[in-house]
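What follows is a short report on a single structure.
The values are calculated or read from the model by the stated rules, or taken from the named source; none is laboratory data. Owing to the predicted nature of the structure, the values given are computational and were not obtained by experimental measurement. Because the Cβ atoms are built from the backbone with ideal geometry, glycine has one as well, and the counts that use them run over all protein chains shown. Remember, those area values only see protein heavy atoms, side chains included, never the ligands or the DNA or RNA. Shrake-Rupley method; radii C 1.70, N 1.55, O 1.52, S 1.80 Å.
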Amino acid sequence: MTQRHELGNDPGDDADTTRTARPEAPSKRRRVLLIVGGSVAAVVIAAGIVVAAIHGATPQPGKGVANALDPVATQLPRPSETALPTPSTAPTDAPSTAAPAKPGAGTLDARYGGVVASTAQVAQNVKTPGGLTANVTSVEAYTATATRPGEVSGPAVKVTLKLVNDTGSDFPVSTATVNAYYGSASTPADPVQGDSASKPFTGTLKPGATATAVYVFTVPSADSGDVTLTLSDKAGAQLVVFR
């Protein structure tokens, strides 16, 4: 006769169920241990933070009390420990009080419209920028006779100049320029090239040779003794001034 057993009524089934439920007790104990251990670790960390804060707030010799919330390295020194900059006594840049340059060698002289290389007296030898030796041998009161358009006859001065070629090579003296100025205002004097006495420099001067020229300028009689001459030995050259 076949026996049927219902699962719900078998006593053996209850025993198996009891054996399966027993492992739940160790699992609960592990959870309890983990919770307790985490709480202890949190307490230790908190205690460490408190100790560090107290240590940071402890006064150090020569220093103020540090703020426990700020890094110690960021604490500023006390005012007494900071060196104040010493006020500078060095002079600051100021406008120059040097006197302006006076007309002279290598200086542009607006009165004569060029750069003055050197200054000499009448009858004094002087070197020109081109290497010639120049000399104003005489300045004489003169009465000019005009023969060209625009020129004026009347009171004038007659100037005689001499050039010596010391350059060692031919020199075109025809490029030399001579001008005259008179009075305290250095008024330009008009040349009278049509006068018979006028003999300007022409041609080329050989090495060691000497050339003489005469120039006539209209100058009031009252100023014939106050005449300044300028000589440029070639176009664009600096000036030699004779007073």
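If I go through region 146-155 residue by residue, how many of them are in a loop (DSSP other than H, G, I, E, B) and either in contact (Cβ under 8 Å) with a residue 60 or more places away in the chain or charged (D, E, K, R) (or both)?
Of the residues in that region, 3 qualify.
Tally the residues that are touching a helix residue (DSSP H, G or I) at 6+ places or on another chain (Cβ under 9 Å), open to solvent by 40 Å² or more (accessible area, probe 1.4 Å) and in contact (Cβ under 8 Å) with a residue 40 or more places away in the chain, restricting the search to region 185-205.
0
Could you say which residue among TYR142, TYR182 is of a type in the set (Phe, Trp, Tyr) and in contact (Cβ under 8 Å) with a residue 60 or more places away in the chain?
Going through TYR142, TYR182 in turn, just one is of a type in the set (Phe, Trp, Tyr) and in contact (Cβ under 8 Å) with a residue 60 or more places away in the chain: TYR142.
Filter region 146-165 down to the residues that are surrounded by fewer than 14 Cβ atoms within 10 Å (Cβ to Cβ) and either within 46 Å of the chain's Cα centre (by Cα) or not small (Gly, Ala, Ser) (or both) and list them by number.
Correct list: THR147, ARG148, PRO149, VAL152.
Pick out the one residue from LEU239, LEU229 that is farther than 26 Å from THR143 by Cβ, surrounded by 19 or more Cβ atoms within 10 Å (Cβ to Cβ), touching a residue at least 60 places away in the same chain (Cβ under 8 Å) and within 49 Å of the chain's Cα centre (by Cα). Break it down stepwise before answering.
Details: LEU229 fails: farther than 26 Å from THR143 by Cβ.
Just a single option satisfies the conditions, and that option is LEU239.
Tell me which of these GLY208 doesn't satisfy, since it passes every other one: (1) farther than 20 Å from ALA123 by Cα; (2) part of a loop (DSSP other than H, G, I, E, B); (3) open to solvent by 50 Å² or more (accessible area, probe 1.4 Å); (4) not hydroxyl-bearing (Ser, Thr, Tyr).
Failed condition: (1).
For region 108-145, which residues satisfy the criterion of being part of a loop (DSSP other than H, G, I, E, B) and open to solvent by 30 Å² or more (accessible area, probe 1.4 Å)?
So in region 108-145, the residues part of a loop (DSSP other than H, G, I, E, B) come out as 110-113, 121-125, 128-131, 145.
Residues satisfying the conditions are ALA110, ARG111, GLY113, GLN121, VAL122, ALA123, GLN124, ASN125, PRO129, THR145.
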